[in-house]
Structures are given as structure tokens and as C-alpha cells.
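Engineer: Mind having a look at this structure? Questions to follow.
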Amino acid sequence: MKVLVVGSGGREHALCWAISGSPMLTKLYCAPGNPGIAEVAECVNIGMLDIPTLVGFAQDNAIDLVVPGPEAPLVAGITDAMEAVGIACCGPTRAAAQLEGSKTFAKEIADAAGIPTALWERFEDSDAARAFIRRRGTPVVVKADGLAAGKGVVVAATEEEAIAAIDAMMDHKIFGESGSAVVIEECLVGEEVSLFALCDGENALLLGSAQDYKRVGDGDTGPNTGGMGAYSPVPSFPPKLETACLEQIIRPALREMVRKGTPFRGILFAGLMLTEEGAKLIEFNVRFGDPECQVLLARMKSDLLPALQAACDGELRDFDLRWDDQAAVAVVMAARGYPDAPERGSVIGGLDQTSAIPGVSVFHAGTEAGPDGTILAAGGRVLTICGTASDIRQARDRAYAGVDSVAWSDGFCRRDIGARAL
């Protein structure tokens, strides 16, 4: 098979790394990719939202399967465009991708399917939203209705924080049109986990769970980010509970999507809160998380490629995957100034030595190659260092040994990834 992965982050590097080992693979491309991905795939300089050019490339190169990594091309309709020319694409259609593209759509699906979730209200008028906050009180969660790169959520402990979030999203448009409407929810209390399933429209294949760290600073301080680290498995979310949530949350959502005429195919990611009343849905995403993807694929023993193809073909009912009993811990190294104003252009060294550490893998995200071949920082989240071992403590030790071996004075990371599991 010829495969095209779309994206340029650590998640896409992990996808390419996993797919590259498949005996079914004859050629692997990634658009636009990054220097790390270039070690396992041929990178092509096409932006992930340039869908007409991606379709043309796929046709010209007889691509058998397209695997979009991020949510933006899915919401923009890459699956529809590929399928229109007869090319399989492992991801939801534009209509089904509204599970992530619109918080309102996702909440309506959850309510219709009887999925436990937070109470919520939608607002298109900022004055009405502020008045609701003053009537209801806090804490609440304020969410931009549209895509905001994982940063459009504010957990507001005070009325002032909630109103500031509404001002920023709705009046000052910090997320553009994605914040023209907001969803305000009750604030769920508990432990947050991420559950993943591969879906073919009607069937769901469990991919496991992970716990990620959204805040930029140790102890969950500072602003939200795209994710500063993750680990898997999650001791507080054992396999029995994973299976229960698959039955109570994932499968009801699939049935409701079929009922609406928008069947869901691809990766369905349920962000859950483990409350005293049981697991409740926080939100749906329509792709792997980043860096959750890295820790999940590090634990996968099966060939990923035939599973992705089976999802496109509607053949997951009797499909199975094998997982390693090992634990995986991923630590994100970000550029100084992230998430507000990350600095670019600093040189990163020592990556060959890092990759040579037993049980350590390096996934590139925001990197680019300099004129002399050196690796330069070119984004906010720049690298993911992943450690695997027989338990979380040892996997964590390996991940941080990898971090400490990277020669990058302008990079930083959280030092508490995986600590809560210990």
C-alpha cells in the first residue's frame, strides 16, 4: 500500500513511525512532515489545509490510504474530497468532524444519545453570556464553540475569570470566528482521562487510554496548551472501566451519528472526567491526541496499517489489536515563551544520543532543518521524548533521561509528567 499521512507534529511522527514498520507498506509520504518524519517517510511540501493540492498529489502518486493527523483538515473536509476521487481516508467526513468542530454539536449528540455529560448552555451574544454567569455563579467552564488548537477552554473559578474569558473569546476574537459562540458548562470535578477508539461507522475498536497534562507549568499551573506530556496505561482507569466507557459513551455516540445520517469513521477521542457519580464526557475529538498518540502507539504490538484500512472498509467488527503490558511516558519539550510567544530558530543538538538510550524514542513536532542540516526549533511544542519500560516509574525515568540528554538551552518541559500515577 501507498500511504499519505497529513500533518507535521509529534502525533504525525508517531503515526509515520508506526505505519513505516508495516509489511503491507510499499511507500510512505507525509505532507508537510518535519525532519524527524523525513527519517521514515518522504516529506512533501504541501500544507495540511491545501486540500485540492493534497488530492492531486494522492491521485498522481496512486495513494491507497490517506491518514490525517490533526483536526483542522478533517473539519475542512479532506475525507470528503479524497473519497470523491475514490481514495480511502481514515477520518470522519466534514459533517461527522463537527463532533470536534462544534462544541454545541457534540453536546447535542451526547444529550440525544443519553451520554452522561456536564450541564451546558450556548451563547451567541456576549452580554447574554455575561448575564448568565452573574446569575449562575462559578466555577464554570467557558469553551469557544469552534476549533482553537486545544486552547479554547477556560476553567473559571471566579466570576471575573469567566467574564474575562467571554470578553476575550466573543468580543476580542482571540480565536477568530471559533469564539463567536461559546458553550458554558458546569465544572465537573474528578480525574481527567482520554479514551480512544477506532471506528468504522457502526463498530468501535478500543485503542486504550492515556492521561495528559494540559497546563504549561508543573502542578497544573499556567495557561492551557496543546499538551505538555502524557502517560499510559492509567492506573485509576483500568481495562474494566475502559470497556464500560466504550459501551456507555463511544458506542451510543456512534449509534446517534448513524441516526443523524453522519456515520463516524476514524479515531474517536473521548475526554472524560471520572467523577463521584461515574465517568462523564467532557468533549469529543475526532483524531488522536498529541502527545497521547505517542504513548499509545509506543504500546501497540499489532500492525496499525490494516486496522486503519479496516476502519475505512467497515470491517472492524471482528478485528483485534494486541497491546504491550509496558508503560509509556511522553514529555513535551517546548520553546521558551510557549504558549504565548514561542521563540524560533534555536539550535537543538544531541538527538542521536537521545534516540540511542534504551527504551527512549524521539518524536519531532515543531522542528525544521537548517541550511547545514542542524535541527532548529520552529514551533511551540518542539519535541516529544517518550520512554517505555515495565512500569510507569521506570518509563518516566527513561523519558526524563532522554530530555536531559538533549542539548537545547532554549527548551523547557514540565518535570511532573506521570507523577500522579506514582
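Engineer: Examine region 172-179 for a residue that is in contact with a strand residue (DSSP E or B) (Cβ under 6 Å, 6 or more places away or on another chain), at pLDDT below 95 and over 21 Å from Ala97 (Cα atoms), and state whether such a residue exists.
Structural biologist: No.
Engineer: Determine which member of the set Leu206, Leu195 is part of a strand (DSSP E or B), touching a helix residue (DSSP H, G or I) at 6+ places or on another chain (Cβ under 7 Å), surrounded by fewer than 22 Cβ atoms within 10 Å (Cβ to Cβ) and among the hydrophobic types (A, V, I, L, M, F, W, C).
Structural biologist: Answer to the check: Leu206.
Engineer: Here's another thing I want to ask about it. Could you tell me whether region 158-176 includes any residue that is assigned to a strand (DSSP E or B) and either touching a helix residue (DSSP H, G or I) at 6+ places or on another chain (Cβ under 6 Å) or in the same structural domain as Glu247 (by TED's automatic domain parsing) (or both)?
Structural biologist: no
Engineer: Still on this model: Hey, can you tell me all the residues within region 258-284 that are in a loop (DSSP other than H, G, I, E, B) and of a type in the set (S, T, N, Q)?
Structural biologist: Across region 258-284, the qualifying residue is only Thr262.
Engineer: On to the next question. Taking interchain pairs and intrachain pairs at least six residues apart, which have beta carbon atoms under 9 angstrom, with the first residue in region 26-50 and at positive phi and the second surrounded by 20 or more Cβ atoms within 10 Å (Cβ to Cβ) and in a loop (DSSP other than H, G, I, E, B)?
Structural biologist: What qualifies is Gly33/Ser8; Gly33/Ala41.
Engineer: At least 3 residues that are touching a helix residue (DSSP H, G or I) at 6+ places or on another chain (Cβ under 8 Å) and within 19 Å of Leu28 (Cα to Cα) in each: list the helices (runs of 4 or more DSSP H) lying fully within region 46-114 that qualify.
Structural biologist: In region 46-114, 51-60 are the helices (runs of 4 or more DSSP H) which contain 3 or more residues that are touching a helix residue (DSSP H, G or I) at 6+ places or on another chain (Cβ under 8 Å) and within 19 Å of Leu28 (Cα to Cα).
Engineer: Let me ask something additional. Would it be correct to say that Thr243 is free of Cβ contacts under 8 Å to residues at least 24 places away in the same chain and surrounded by fewer than 19 Cβ atoms within 10 Å (Cβ to Cβ)?
Structural biologist: Considered against the rule, which asks whether it is free of Cβ contacts under 8 Å to residues at least 24 places away in the same chain and surrounded by fewer than 19 Cβ atoms within 10 Å (Cβ to Cβ), Thr243 comes out as no.
Engineer: Working only within region 353-394, note down all residues that are among the acidic types (Asp, Glu), at pLDDT 95 or above and either outside any strand (DSSP E or B) or touching a Cys at 6+ places or on another chain (Cβ under 8 Å) (or both).
Structural biologist: Asp391
Engineer: So which of Arg344, Arg287 is in a loop (DSSP other than H, G, I, E, B) and either of a type in the set (Val, Ile, Thr) or crowded, with 24+ Cβ neighbours inside 10 Å (or both)?
Structural biologist: Only one candidate passes the filter, namely Arg287.
The values are calculated or read from the model by the stated rules, or taken from the named source; none is laboratory data. Remember, predicted model here, so these are calculated numbers, not experimental data. Cβ coordinates were reconstructed from backbone atoms using ideal geometry, including for glycine residues, and neighbour counts include every protein chain displayed.
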